[in-house]
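Report on the following structure.
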Amino acid sequence: MKISLTFHAHQPNRLIAYDFFKIGEHAFYEDDRLNGEVLSQVSERCYLPANRLMRQLIELSDGQFRFALALSGVILEQAKHHRPDLITSFQELSETGCVEFLAMPYYASLASLYSPGEFAEQVQEHCDLIEQLFNTRPTVLWNTGMLYSNAIAAQAYDMGMEGIMADGNNQMMGNLHPNNLQCAPLIAATKTLVRNRELSNDLAINRVDSSWVEYPLSPYTFSSWLHKQEGQVVNISMDYETLGERQADSTGVFEFWRSLVPAILFQGDEFLTPGEAVRTLYSVGTINCPQPTTCSTFGTTSQWNANVMQQEALKKIYDLEEAVKASEDRDMIHVWRKLQSADHFHYMEKSNGFTPYPSPYDAYIYYMNALADLQVRVKQEAEELRAFRARNLA
């Protein structure tokens with residue numbers, strides 16, 4: 001059996017308690033201290049030891065172990081500022097030639113839903129950063145939260161992507177097999193790689209659930225499940241933070257993976273990256289997905305845009321696009337784009353367990369106040385730009 005493994009890593013830019021009285025006072029919206037602290041903690045518990053383990057597994061397998069990383073531009077930007085050793089660690093992995101880097105919207109945004117043009121620009125910016133850091137250019141797209149639809153697949157095709165990742169949730173799959181490559185209607189040139197939701201969640205969630213019927217899961221049991229799978233390729237995808245952060249070292253997560261990879265190879269199965277999958281395997285059918293789906297519990301976008309606060313915040317941030325871009329101020333555009341990260345809207349949801357804020361309402365207020373300040377600055381910039389052009393014309 002062929003196995004394609006992808007890890008996704010992202011850290012949000014959390015906002016300070018930006019109250020009404022700060023509007024017009026300063027444009028520093030992010031809690032840089034907290035962002036740096038969280039990144040450092042997760043780097044020590046997860047990213048650095050996970051990278052060391054993955055490199056060891058590549059070396060021990062003589063390069064037979066191969067996998068992909070989907071690293072947001074935001075986490076790489078934070079790492080360049082707070083933890084340059086993390087960038088070095090990822091570069092060392094890249095130098096093995098056994099790691100593929102996937103394309104993402106740089107800011108882990110929802111632009112694919114609200115502004116296709118902006119989405120394309122963010123993916124381009126992300127691909128440029130990946131090429132700059134790792135000397136390789138992505139050919140497969142991993143959208144925020146595995147956002148996928150017919151329209152998004154068409155956007156991936158327009159960008160020249162060879163493949164796009166999607167989650168194999170029941171809402172989208174119907175009777176199609178998740179272990180087969182598909183394509184969106186009329187988009188045969190860009191193949192859709194479907195995440196095996198059940199097996200991915202067994203590793204990411206169920207492995208540490210003591211009420212699960214298979215608990216405690218043996219790596220040899222899981223490798224045997226993979227071996228018995230049908231179809232072309234089993235796509236396993238999860239957050240990189242699963243290793244050492246969501247599942248602490250004390251759960252045996254690193255030892256589990258240290259045993260799992262050799263067990264898979266010993267039984268004759270093969271690892272390949274998403275890019276290798278789309279280049280060597282054919283799509284067996286068409287997957288029709290008119291509505292956006294994600295890898296969330298319910299497979300919908302509700303974690304970002306279901307309530308009134310989220311909807312208002314999303315409308316206002318994307319309504320600013322024309323004015324922000326007309327300013328031609330690169331720093332301002334960068335700030336506006338960072339405010340597009342999906343995390344900001346997720347924090348406005350009651351059930352969010354990762355929020356740094358006292359309540360969803362606080363998340364909404366801090367965000368809207370920061371956005372109000374940005375609106376003021378965009379207006380000022382536009383007025384100054386008009387005055388400058390008027391003077392030059394005179």
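Values in this text are rule-based calculations from the coordinates and carry no lab data. Nothing here was measured: the structure is a model prediction, and the numbers come from that model. A quick note on method: Cβ atoms are made from the backbone with ideal geometry, for glycine too, and the neighbour counts reach across all protein chains shown.
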Remind me, relative contact order of the chain in percent, using alpha carbon pairs under 8 angstrom and six or more residues apart? 23
If we count other beta carbons within 10 Å of each Cβ, what is the order of S296, S211, fewest first? S211, S296
What residue among A70, A79, A326 shows peak mean-square fluctuation when the chain is described by a Gaussian network model with Cα springs under 10 Å? A326
Counting other beta carbons within 10 Å of each residue's own, what order do F254, F222, F345 fall into, fewest first? F254, F222, F345
Simple spin-label estimate for N352/E25, 7 Å along Cα→Cβ, in nm, reads 2.3
Quick note on M1, M161, ordering by fewest other C-beta atoms within 10 Å, gives M1, M161
Can you tell me which of F271, F67, F28 moves the most in a GNM of the chain? Springs connect C-alpha atoms under 10 Å apart. F28
Residues with beta-carbon under 14 Å from that of F20, excluding F20: net charge, scoring Lys, Arg +1 and Asp, Glu -1? -3
So the FRET efficiency between S302 and A248, C-beta based with R0 = 45 Å and rounded to 0.05, is 0.95
Could you give the distance between the Cα centres of segment 11-29 and segment 60-125, to the whole Å? 27
With springs only between Cα atoms under 10 Å, which of T301, T293, T280 fluctuates most in a Gaussian network model of the chain? T280
Based on alpha-carbon centroids, what's the gap between segment 276-305 and segment 181-223 in Å, whole number please? 13
Over the alpha-carbon set of the chain, divide Rg by the Kirkwood Rh and report the Rg/Rh ratio to two decimals. 0.98
